[in-house]
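Just below is one structure, and these are the notes that go with it.
The numbers here are math on the coordinates, done by the rules we state, and not lab data. Quick caveat: nothing in here was measured; it's all calculated off a predicted structure. Glycine gets a Cβ as well: all are built from the backbone with ideal geometry, and neighbour counts include every protein chain shown.
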Amino acid sequence: MTALPRHVSSVPSSTSLRGAHWRRSSRSTGANNCVETAPLPSGPLTGLLAVRDSKRTAGPALLFTPSAWTGFVNSLR
């Protein structure tokens, strides 16, 4: 996996990620048992992908490089 930039020292709250447009998995159910993703378009985290729990939209967001996220998703198939 690719390492995150050194300036990312903590897990941000998903509400603190300005400009993030969250998208729910197309395979999610009505039970909110899925994750949501958002590419980060600007600021110091530009280019990373944020992932959060759909049940806790104000909770933490995990940050991934695009290649790390693609590798993770491909390993699930």
Counting pairs of alpha carbon atoms under 8 Å apart in space and at least six apart in sequence, what relative contact order in percent does the stretch 24-77 give?
25
Taking the highest mean first, how do the peptides 17-28, 38-49 order by number of other beta carbon atoms within 10 angstrom per residue?
38-49, 17-28
Percent of all Cα-Cα pairs per 5 Å bin for the stretch 34-77, counting from 0 up to the last occupied bin, reads 5, 23, 26, 24, 16, 4, 0
